[in-house]
Each structure stands twice: as C-alpha cells, then as structure tokens.
Amino acid sequence: MVEFRARAVVIATGGAGRIFPFTTNGAIKTGDGMAMAYRAGVPLKDMEFMQYHPTGLPGTGILITEGSRGEGGILVNKDGYRYLQDYNLGPPDPWPRKKAMELGPRDRLSQAFWHEQQKGRTIKTPHGDVVHLDIRQLGEKLINERLPMVRELALAYVGVDPVHAMIPVRPVVHYTMGGIHTDIDTATPLPALFAAGECACVSINGANRLGSNSLAEIVVFGARAGRAAANFAKTNPKPGLAGKAGEAAQARLRELFGREGGGDSVSSLRKAMNDTMESDAGIYRSEDRLRQTCDTLADLRARYRRMPLQDRSNVFNTDLVQALELGCMLDVASALAQSALQRKESRGSHQRLEYTARDDANYLKHSLASYQGDAPPTISYRDVVITKSQPAERVYGGAAT
Amino acid sequence: MSETITLEVLRYHPETDSEPHFQRYVVPYRDDWVVLDALNHIKDNLDATLSYRWSCHMAVCGSCGMTINGEPKLSCHSFLRDYRGKVVRVEPLDHFPIERDLVIVMDSFMEKLGSVKPWLIPKVEKPLSAGEYLQSPGQMQVFHQYTQCINCLLCYAACPQIGLNEDFVGPAALALAHRYNLDSRDGGRDARAEVVASNEGIWECTFVGACSEVCPKHVDPAAAIQQTKISASVGWLKDLLTPGAHR
Amino acid sequence: MSRRPYIRKVERNWWIRQPRYISYMIRELTSLFVGLYCALLAVGLVRLAQGPAAWDGFVAAFSSPLGVTFQLACLAFAIYHSVTWFALTPKAMPLRMKGEPVPGIVIVGAHYAAWAVVSIVVLIGAGM
Ligand SMILES: Cc1cc2nc3c(=O)[nH]c(=O)nc-3n(C[C@H](O)[C@H](O)[C@H](O)COP(=O)(O)OP(=O)(O)OC[C@H]3O[C@@H](n4cnc5c(N)ncnc54)[C@H](O)[C@@H]3O)c2cc1C
Ligand code: SF4
Ligand code: FES
C-alpha cells in the first residue's frame, strides 16, 4: 500500500452504470469515487435518477447514437408501427421534428418502450425484448457519411446492415445523474475534497440529462475543480500522515486476503446485484419491488463482508480490483434504491407506478443519501436552488412546437 | 451438449512461474461472442485468477489488445465465429514485457507518447478573452483520421522494427505527432522534430506497413510516418538551399 | 510488490511467422539486387574508361547466359520493387485538390505515367 499525502483531492471517477447488468458504460464505471466520498461522510445526491438511453444494442448494450434519430431514423414496434405517437409524442411526421416522436427526451422514449413491452408489442430475442430502429430511408450514402459508426457497430455486433435492415434496440442504462454532493465550485461538504464530472452532482442534469451536456459539464467543472483545489492547496497546510486511518485501510485489506474460501464470489454477488437492480429498480419502480431490492442489497452487503478472494496474489490482481469495485457498487446501489424508495412521485428518469404525477409541493427537492456503515443509508432532502428557469410542465410532440 | 470452443491462453504469474505457459479452457460457443466475452466467462465461472485488461467492449477504449492466433487484435472486436472449429490461442501483445498473463507493461509507450508533445502548441499564444482558435471543417478533415487513434498498441505489436529496436518511437506516437503538425492551429512542428526526426523517430521506420494493416481504427500510421519523412526531407533541403531563411 | 515482468526474445526467424513480413523481406531483398545492378553499371563505366579491350570483355560477360540470367532477375526484382512501391504512394504522398482528397488510383496512375515517359525518353536516347 502506498500513502499519498495531499492538500486537496479531486474525485473524477465517472458514473456507476455497472451496478446494472445492461449498460453502455465501460467496466471501469463502478462508482468507486462515489463510494469513497460517501463512506467518508459526503452524501450522495439525487441517486434515484439513473438515465436509460432508448437505443442500446441487445446483448452488449452498445450505444446507438441519438444522431441516428436526429438524421431521421424511426422507432417501430413488432407491427412496424411508430408507437411513440401513442405516448403524447406525436404527430408522426415523416421527417424529424424537434421535441417530437423519436426526438423526444430519453426518459420518455425509454418509458414508452416499457409500456409497449407490457402490451406485448415488442419483439422477443434471446437477449431480451427489442423494438426496431429503422434508418433505411436515409440511404447508403448518408448513412456512410453521417453514421458510419452506427453501421459498423450494427454489422459487427448484431449482424445487421442498417442500409438494408432494421436495427434491434432496447433501453440501456447510460448515465448517473446523481453523485457526490458538491456546490457550484465543485466543493463537497468535506474540506479539501472536490468532485467533478459524472461522479459528482453539481446538479446541472436534474432528473434527466439532455444529450451532450455531460461533455460540456466535464470541461467546465473539471476546470473549476482544478482551480478550486489548487486554491485550497495554496492556502492550507500539508496534512500529516494518515496514521490510524492508514492502518485501518491496511487492516481491511489484510482481513480481505485472509478470508477462508468457499461460498460467494465476486461474480456471483455481482450477478445477484445486477439482477435485482434491473428487475426492481429500472425504468418503472414500485413500492414492493423497491423494498425487495433494498432487502436484497442489505443481504448482499452482509455476504460481501464475508466474501473470500479467489486470487490472493500481489501482482496485477484483478480479482482484488473487482472485489473492491463490487463493494463500491453495492454501497452506491443501496443509496440509489433507498433514494428511489423514498421519492414518492414520478420525475424524469424516476418513475413510480403508484405515484405517477410529479409532486412539486413535496418533492421539488434534492435527495441526500448518507452512509450509515452496515445499515442502509438515511435519506434527507434539500431545497432546489431555482434561478432563471422556473419549473414548468414538460411538453413534447405537437403541443411543444 | 451445446457447442463449445477451446481457448489456449498464455499464463504467466511472476510470483510462481519462471516463464509463461499455456492453459486450456473450454467455453460455450456463441455466434455473437467476442474473445473478450469468452475471457470474461472464464474469469466469472472457471478461473478468477486470469488477468487481462478491458473496459468498453466496443472498440473505443483501446485497453483489450491481445495476440489472437498470431495476429494483434482487439479482443472485444474478434468474434468467436471467425475461429469456429479451431482452437483460439490468446497471448499478450508482442514486443512488450508481460506483467502477468495477458497484461503487458506499457510504460515505454507512455513515455514515447509524451515525448512527441501530443497537444496543440499554438502559433501565437492568445489570452482566453481573445476567443477560440477557429478551424474550418476542411482544415479539420486534413488530420481527422489521425485523431482516431485509441492507443491500443496493436501497431507496436505488429511492427518488426519495434521488436528489433525498443527505443523506436513507433507508429501511434509518430502518427499523433503528425496529427498535430497538420493542425492549422498548431505551430509546434519544430518543437516535435527533435524526437520525431531523430534516428529513433521516423528514420527507424522501414515502411513495413504492418502497423496500418492491423490498426482497428484505420489511422494508417505508416502513411503518417512516410509523410513526415517527406516533409522533414523537404525542410532539410530548404534549409540547405536557403540558409537562414527557414525558421 | 513482487513484480517481475517477463521479457520475450525476438526470434531470429520472426519474419517467417506472417505472410506480410515475408513479402516485406522480399521487398527488402529486391533493393539488394537493384543496388548490385547499379554497382555493375558503375563497373561498366570504369571498364569503358579503361579502353576498348576492357569494355569488350565487360560486354561479353554481360551477354553470357549467367549475365543475362542475372539481369533478368534484376529486372524482375526492380519491377516488383516499383510496383509495390507505387502501390504505397497514395499513403506517402496524399494530395488534396480544392480541399478534396485526390483518389489513390490517380496518384498511382501518375507514377506509372511518369515511369512510362522516362522509359520512352531513355529508349529514344539509347536509339540515337
Ligand atoms: C457510450 C457512451 C456515449 C456517450 N456519448 C456522449 C455524448 O455524445 N455526449 C455527452 O455529453 N456525453 C456522452 N456520454 C457521457 C459522457 O461520456 C460521460 O458522462 C463522461 O465521459 C464522464 O466523464 P468523467 O471524466 O466524469 O468520467 P470518465 O470519463 O468515466 O472517467 C473516469 C476515470 O476514472 C478512472 N477511475 C475510476 N475508478 C477509479 C479508481 N478507483 N481509481 C483510479 N481511477 C479510477 C477511470 O479509469 C476513468 O479513467 C456518453 C457515455 C457513454 C458511455
Ligand atoms: S495507430 Fe491504430 S493500432 Fe496504433 S495504437 Fe492507434 S488505434 Fe491502435
Ligand atoms: S474493451 Fe475497449 S477496446 Fe476492447
């Protein structure tokens, strides 16, 4: 173990999409930084808001860009019907219209898929239900010019040439709107700790991030974090050695390496976590299912504390890395599930079957999940700071233009 | 029983092995699985000690390069269906030390990458308040292909010159230097030349062309290097003919 | 940490492993022949300077079956070298006209055309 002494720390470890089984996120997006800050006493804010992107390739979760719909691609169900018109997103113009149909927001499109699935109008595949994304009408030339990557990915990973056939797609976990609670200068409540990017929640993405805002966010808040941390470091003394905290970290690792074999493994616990998140904390959520998830996660966290390593070596031990990542994911997942359970309304990417309306009177608030060790987190709330844009009804389709 | 496929994976554990050996694993065969899926199946179900790098599973992060049946490849973009009925031999990328199993030590590359100053060195520094450095789409097209590099190192594994001289700066780093040299906003050609036009730089390349053949992102580093050779020679000639005029 | 990175040696026959390395090695070999041919021409010049007898001996050796075989081999290698090199020229010298990339086939074609022109000029010169 190596101890770093720093005057200021910036966390920039990205999202936590990997707590779900079907995600566009890379293997590194395991919420490590979120868990670190959370365990150190910084609340995780708005964790119930997890974005599903409507068009992922079945099996791999590879993202098919919004651009394919921006150029004029359409979504159809098993009957070849542009189903989005049934969900207040019409009229179904033949060509793209802003804020309507296929250019509606990600949360609405993913929710429409769920409804189609309930109605039995999606298409069954070995990798789950899908609908079809049809970009054939763009023609080969335009597809090659504007969407070469879409063609390449679809050909390679699902064996479909979008010039001649429809691409199977389904909603896929894409972006963690919530994260480490920071202010507008990226400072967390813990002195000397800053966070920026997808791991943080400055709160510019609300309950449903708009496409492309994330890259703008990391450029702006990355710079702010750098400046804020440098400023802090300049005006504060270098801390002493970690002492007790360092010893405790070392002891935790020793204990992990020393656990006896048998029973659970990283992959078995991770699968159980993935399954409960997908089935019970996905696009639509309900009281019973969320309670069930919270219980399952509590059980998994208890089992995790006894889970042995299968690889006890010291060089590039990826079993150890995955075990640590799993611990982070379990903590972050329980913050997510608890926050979702307590938000009794539907807002953006958080949809509750029993509370279908947005409830500004009670929930125009940020949730804050605070770490309680082995027990589930406690949830508190904080007012939303409203400056220029006032909260209004979200209107799409014909009514919006 | 459903169909299976055999993987022969190079294992090397520095704490217990004096040298690498192969280990066989039998995994389910799936038409839409890539070699990386098979490795993940092994890690999750058969042998948690197998070590390798990966992240995106969609050929964009560049971390999963391996030698697959003798050819440098991204394991997330090598489909089992192309090896059906054969044994799939998976080894770490050539020309790099093996840290463990399929994991290579890539420090040498990181150093080379930094040495070519792969960032914009503006012709004239201007303050933030003066606004952006503008560029037209046409000016961008000139170097666009060289921005596609994902640092997967397949080209280093394919290049025999890297095998013969480990100090050769190599395809990806030289292609990236070229990318910045071609950028209309950049004025760093001379600053990069010290490394790029050195003996360990472009002149070590004998235009084998293997780098461009294996590159999964069609960066074509061989082309970048030959172009750099030509412009370096032209620059040298100009200096010779008009002493003092250039620079 | 007990790191102990394992370094693999490059084998002597590394170039046999891959067809692409073999064709590269052939291209490298061709330069040897092209070089030898140039050296031979230089020897011819020296012989010419030494007087008619020396020159005649040189020409005789050049027209012997062995000499002809050697020249044919050189020709074959030179053609192989030129063809493979021309095929690579669009990479080494990409051109843009009015912002659009010039198609590779045009660049390669221009090289063949230049080759033809130079050959014709040389042949005409030789005929005179
Ligand atoms: C497929 C896909 C397409 C997207 N397309 C767009 C788009 O078009 N426009 C847009 O605005 N947004 C897009 N997004 C979202 C956007 O890419 C991400 O939100 C953004 O990249 C997050 O940046 P970040 O720097 O916060 O984190 P990341 O880019 O995720 O980087 C986190 C880094 O931290 C490292 N790390 C993690 N844990 C640890 C640890 N414990 N120790 C050390 N290092 C660690 C990781 O290795 C990684 O390098 C897309 C996302 C995906 C997945
Ligand atoms: S040039 Fe191509 S092969 Fe080389 S590192 Fe970049 S993407 Fe990989
Ligand atoms: S896993 Fe990212 S390139 Fe293969």
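For chain C, the membrane-span-like helix rule (DSSP H, alpha carbon extent of at least 24 Å along the helix axis, mean Kyte-Doolittle at least -0.5) picks out C:19-49, C:65-92, C:104-127; this says nothing about an actual membrane. Helices in chain B, meaning DSSP H runs of at least 4 residues, each add -39500 (n - 2.57). Divided by all residues, the mean residue ellipticity at 222 nm is -9000 deg cm²/dmol. Of the residues A:SER334, A:SER389, A:SER370, which exhibits the maximal mean-square fluctuation in a Gaussian network model of chain A defined by a 10 Å Cα contact cut-off? Maximum fluctuation in the GNM of chain A, among the listed residues, is at A:SER389.
Helix A:287-304 against the longest principal axis of chain A: what's the angle in degrees, Cα atoms only, rounded to the nearest 10? Between helix and principal axis, roughly 40 degrees.
Comparing B:SER108, B:SER75, B:SER129 in a Gaussian network model of chain B (Cα springs below 10 Å), the most mobile by mean-square fluctuation is B:SER129. A DSSP coil position with no more than 14 other Cβ atoms inside 10 Å describes the following GluC sites (Glu not before Pro) in segment A:216-281: A:GLU260. In order along segment B:217-227, the phi-based Karplus estimate (6.51 cos²θ - 1.76 cosθ + 1.60, θ = phi - 60°) of 3J(HN,Hα) comes to 10, 6, 6, 6, x, 4, 4, 4, 5, 5, 4 Hz; Gly and Pro are listed as x. For chain A, set up a GNM with springs between Cα atoms under 10 Å and report which of A:PRO105, A:PRO191, A:PRO54 has the largest fluctuation. Between A:PRO105, A:PRO191, A:PRO54, it is A:PRO191 that shows the largest mean-square fluctuation.
Among the listed pairs A:LYS344/A:LYS365; A:LYS29/A:LYS344; A:LYS45/A:LYS344, a Cα-Cα separation exceeding 19 Å is found for A:LYS29/A:LYS344. A cut-off of 5 Å between modelled amide H atoms, ignoring neighbours fewer than 5 places along the same chain, links B:GLY65 with B:SER75. Bridging of C:LYS9 to lysines at a Cα separation below 25 Å is possible for B:LYS73, B:LYS112, once same-chain residues fewer than 8 apart are set aside. Between A:GLY90 and A:MET101, A:GLY398, the built amide H atoms are under 5 Å apart, and every one of these is 5 or more places off in sequence or on another chain. For the pairs B:LYS126/B:LYS217; A:LYS99/A:LYS124; A:LYS124/B:LYS217; A:LYS238/B:LYS43; A:LYS78/A:LYS141, flag any whose C-alpha to C-alpha distance is greater than 31 Å. Those over the limit are B:LYS126/B:LYS217; A:LYS124/B:LYS217; A:LYS238/B:LYS43.
For A:GLY14, nonlocal amide neighbours, meaning residues 5 or more places apart or on other chains whose placed amide H falls under 5 Å from its own, are A:GLU198, A:CYS199. Annotation note: trypsin sites (Lys or Arg not before Pro) in segment A:1-77 located in DSSP loop regions with a Cβ neighbour count of at most 10 within 10 Å are A:ARG5. Of all aspartates and glutamates in the structure, those lying under 19 Å Cα to Cα from A:LYS244, and not within fewer than 8 positions of it along the same chain, are A:GLU3, A:GLU255.
Look at the stretch A:57-64: the mean tally of other chain Cβ atoms within 10 Å of its residues' Cβ atoms is 3. Axis angle, to the nearest 10 degrees, between helix A:106-118 and the longest C-alpha principal axis of chain A: 70 degrees. Within segment B:87-165, the chymotrypsin sites (Phe, Trp or Tyr not before Pro) that combine a DSSP coil assignment with at most 11 other C-beta atoms in a 10 angstrom radius are B:TRP119.
The numbers here are math on the coordinates, done by the rules we state, and not lab data. In this text the structure is predicted, and so the values were computed from the model without any measurement. Cβ sites come from the backbone with ideal geometry, for glycine too, and all protein chains shown count toward neighbours.
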